[in-house]
Amino acid sequence: DTGVSQNPRHKITKRGQNVTFRCDPISEHNRLYWYRQTLGQGPEFLTYFQNEAQLEKSRLLSDRFSAERPKGSFSTLEIQRTEQGDSAMYLCASSLGGSSYNSPLHFGNGTRLTVT
Amino acid sequence: QQQVKQSPQSLIVQKGGISIINCAYENTAFDYFPWYQQFPGKGPALLIAIRPDVSEKKEGRFTISFNKSAKQFSLHIMDSQPGDSATYFCAASDGTRKLIFGQGTELSVKP
């Protein structure tokens, strides 16, 4: 069990540029989640996948954000035309199917985005 | 509104003392209440979790107390150690599996 892997760990970009983050979940986990965490706050839900299907998107996920999980394995989160308000830690988590109690979320160490 | 309110925002405890963090929720549909621990530069890691059909769960030095009628739950860390210094988040979810997190408590355990 190598855990949830996220790349890159840090990304600095200029306002208006596009960025893409990658998440590799724990191999047998079929559910994958993206969260955003700003300094001093708890993680906020963005979206989640069951296998390759995107089942829910938060209202926080504006049209500039898109997430994919093309083969039900790794996932990418793209932010187009970045804004300074997008600066945050982007966290990926994965879990097995079944109840939350029996298959909890395992988080990666995140990608910290800084938009200058 | 689906919210989880956490207090205090920060907590300083002496080594060997008891750390207590409280959370309150509004949505009675929540059926899963985990606590996560986060160290700087790391993602949150599950510490302990409880379902609403029990009032207390203990794992080692960590205990969750749950009061369904008051819609409150708390984390108690017994014999707090400097290595417990971290940020703690309570969370809740309903059948959607989406976790709603509290605002976090920064715990500092002084030697």
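Rule-based calculations on the coordinates, nothing more; no lab input. Everything quoted here is computed from the prediction, not taken from an experiment. Cβ sites come from the backbone with ideal geometry, for glycine too, and all protein chains shown count toward neighbours.
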Number of partner chain Cβ atoms within 10 Å, mean per residue of B:98-105: 5
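Averaged across the residues of B:30-40, what count of C-beta atoms belonging to other chains lies within 10 Å of each residue's C-beta?
Working: counts 0, 3, 5, 2, 4, 0, 5, 0, 6, 1, 0.
Going residue by residue through B:30-40 and averaging, the value is 2.
Averaged over A:31-40, how many beta carbons belonging to a partner chain fall within 10 Å of each residue's beta carbon? Mind dumping the intermediate values first?
On the way: counts 1, 0, 3, 0, 5, 0, 6, 0, 0, 5.
Other-chain Cβ atoms within 10 Å of each residue's Cβ, averaged: 2.
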Amide H contacts of B:ASP31 (H built 1.01 Å from N, under 5 Å, at least 5 apart or other chain): B:SER93, B:ASP94
For region B:85-101, Karplus couplings with θ = phi - 60° (6.51, -1.76, 1.60), whole Hz, Gly/Pro x: 4, 5, 9, 10, 10, 8, 8, 8, 8, 10, x, 7, 6, 7, 8, 9, 9
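Report the full-extension gain for the segment A:GLN50 to A:GLU28: residue separation times 0.36 nm, less the Cα-Cα distance, to one decimal in nm. Spell out each step's value before the answer.
Numbers: separation 22, 0.36 × 22 = 7.92 nm, distance 1.21 nm.
Gain in length upon complete extension: 6.7 nm.
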Column: log10 I(q)/I(0), Debye, Cα scatterers of chain A, q = 0.12, 0.20 Å⁻¹: -0.38, -1.06
Whole-Hz ³J(HN,Hα) from phi, Karplus 6.51 cos²θ - 1.76 cosθ + 1.60, for region A:58-72, glycine and proline x: 6, 5, 5, 7, 6, 4, 7, 9, 9, 10, 9, 8, x, 10, x
Surface/4 of the Cα convex hull for the protein assembly as shown, nm²: 12.4
Choice from B:ASP53, B:ASP31, B:ASP94 showing the highest fluctuation, given a GNM over chain B with Cα pairs closer than 10 Å: B:ASP53
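In terms of the ratio Rg/(2.2 N^0.38 Å) built on C-alpha atoms, what value belongs to chain B?
On the way: Rg = 13.3 Å, N = 111, 2.2 N^0.38 = 13.2 Å.
Ratio of Rg to 2.2 N^0.38 Å for chain B: 1.01.
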GNM top mover of B:ILE21, B:ILE100, B:ILE64 - chain B, alpha-carbon springs below 10 Å: B:ILE100
Estimated inter-spin distance, B:SER108 and B:LYS57, nm [label 7 Å along Cα→Cβ]: 3.1
Cα centroid separation - region A:44-106 against region A:15-38, whole Å: 6
In Hz, Karplus ³J(HN,Hα) per residue of region B:32-47 (6.51, -1.76, 1.60; θ = phi - 60°; x = Gly, Pro): 8, 9, x, 10, 10, 10, 10, 9, x, x, 10, x, x, 10, 4, 9
